[in-house]
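Colleague: Sharing a structure here in structure tokens format.
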Amino acid sequence: MRAFDSDKLVIATHNKGKLREIAELLAPFGIEVVSAGDLGFEEPEETEDTFAGNARIKAHFAAKASGLPALSDDSGIMIDALDGAPGVYTADWAETPNGRDFPMAMKKVWDLLEEKNAPEPRTARFCATLCLAWPDGHDEIFEGTIEGRIVWPMRGEHGFGFDPIFLPDGETETFGEMDPERKQAISHRTDAFRQLVSGPFKDLAK
């Protein structure tokens, strides 16, 4: 596994919520971070049908465009009663002509579960795949998950995306209700990030 030895890293996202979470996770390592959005990069088309495939597309695009190592995150929610949907298409379910509407997408999820008369608990998991890519084409992949279930109505004003309808196993608050620090302590993204820290970033840990 290749060690990370740069003092600057591009976060290959235009999603401000993801950028904030990743930047906070990177804060202890003294790495200067800049987002693909800040650099004015276009968002590459995500044409793969796996989280790892789409994470690779984003990370390699940003690494080649910037000449710097780049870290991408491809994540989503997989709902068992919907055969794993929305999965890699999580963000697509929220797309409208006027931008992303996640309350609409969450209602769509619940309506589909009701139509199927899906039994309780309506189990689901958030998945996150991190890809750390270098300009020379090398990459490392790290995958994290957290198990839980879908609840209704939407609960909480924190987080982003489908957080208000996801109740992690063993918790009484949805991701949307949790303080950001609590969510970060248990999230799928943190699970993947721990693997990144114990691999390429292990020599940077303080």
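Computed from the coordinates by the stated procedures, all read-outs in this text should not be read as laboratory data. Keep in mind it's a predicted model, so treat the numbers as computed, not measured. FYI the Cβ positions are ideal-geometry reconstructions off the backbone, even for glycines, and counts take in every protein chain you see.
Colleague: For the range 70-117, go through all pairs of different Cα atoms, get the mean of 1/r, take its inverse, and jot down that Kirkwood value in Å. Don't skip to the end; give the middle numbers.
Modeller: Working: mean 1/r = 0.0864 Å⁻¹.
In the range 70-117 this quantity evaluates to 11.6 Å.
Colleague: Shifting gears a bit: Give me D for the chain in µm² s⁻¹, whole number, from Stokes-Einstein with Rh from the Kirkwood sum over alpha-carbon pairs, 25 °C and 0.890 mPa s. Let's see the in-between values first.
Modeller: Details: Rh = 17.5 Å.
D, rounded to a whole number, is 141 µm²/s.
Colleague: Continuing with this model, one more query. For the range 46-105, compute Rh as the Kirkwood radius over C-alpha pairs and then the Stokes-Einstein diffusion coefficient at 4 °C and 1.567 mPa s; write the answer in µm²/s, rounded to an integer.
Modeller: Numbers: Rh = 12.8 Å.
The estimated diffusion coefficient comes to 101 µm²/s.
Colleague: Which value in nm describes the separation of the simple spin-label points at Met1 and Arg155, placed 7 Å from the Cα toward the beta carbon?
Modeller: Rounded to a tenth, the inter-label distance reads 3.5 nm.
Colleague: Report, for the chain, the % of DSSP beta bridges that are antiparallel, rounded to 5. Mind showing how you got there, number by number?
Modeller: Details: 27 of 33 bridges.
Of the beta bridges lying entirely in the chain, close to 80 percent run antiparallel.
Colleague: Taking only Cα atoms, what is the 0 to 90° angle, nearest 10, from helix 16-26's long axis to the longest principal axis of the chain?
Modeller: Approximately 50 degrees, to the nearest ten.
Colleague: Could you order peptides 162-175, 105-118, 61-74 by the average number of other Cβ atoms within 10 Å of their residues, highest first?
Modeller: Numbers: 162-175: 20.1, 105-118: 15.4, 61-74: 22.6.
By packing density, highest mean first, the sequence is 61-74, 162-175, 105-118.
Colleague: Using a Förster radius of 30 Å, what is the FRET efficiency between Leu204 and Thr50 based on their Cβ-Cβ separation? Nearest 0.05, please. Mind dumping the intermediate values first?
Modeller: On the way: r = 28 Å, r/R0 = 0.95.
Calculated value: 0.60.
Colleague: Asp92 to Asp169: FRET efficiency via 1/(1 + (r/R0)^6), r the Cβ-Cβ distance, R0 25 Å, to the nearest 0.05?
Modeller: Numbers: r = 26 Å, r/R0 = 1.06.
Efficiency computed from Cβ-Cβ geometry: 0.40.
Colleague: Roughly how many nanometres apart are two label points built 7 Å out from the Cα toward the Cβ at Asp38 and Arg182?
Modeller: Here the answer is 3.0 nm between the modelled labels.
Colleague: In nm, to one decimal, how far is the Lys107 label point from the Thr145 one, both placed 7 Å along Cα→Cβ?
Modeller: 3.1 nm
Colleague: For the range 39-104, which GluC sites (Glu not before Pro) pass both filters: DSSP loop (anything but H, G, I, E, B) and at most 12 other C-beta atoms within 10 Å?
Modeller: Values: sites: Glu42, Glu45, Glu46, Glu48, Glu95; in loops: Glu42, Glu45, Glu46, Glu48.
When the GluC sites (Glu not before Pro) of the range 39-104 are filtered for loop state and at most 12 Cβ neighbours within 10 Å, Glu42, Glu45 remain.
Colleague: Assuming 1.002 mPa s and 20 °C, estimate D for the range 1-85 with Stokes-Einstein, Rh taken as the Kirkwood radius over Cα pairs, in µm²/s.
Modeller: Details: Rh = 13.8 Å.
It comes out at roughly 156 µm²/s.
Colleague: Between the range 155-178 and the range 89-150, what's the alpha-carbon centroid distance in Å?
Modeller: 13 Å
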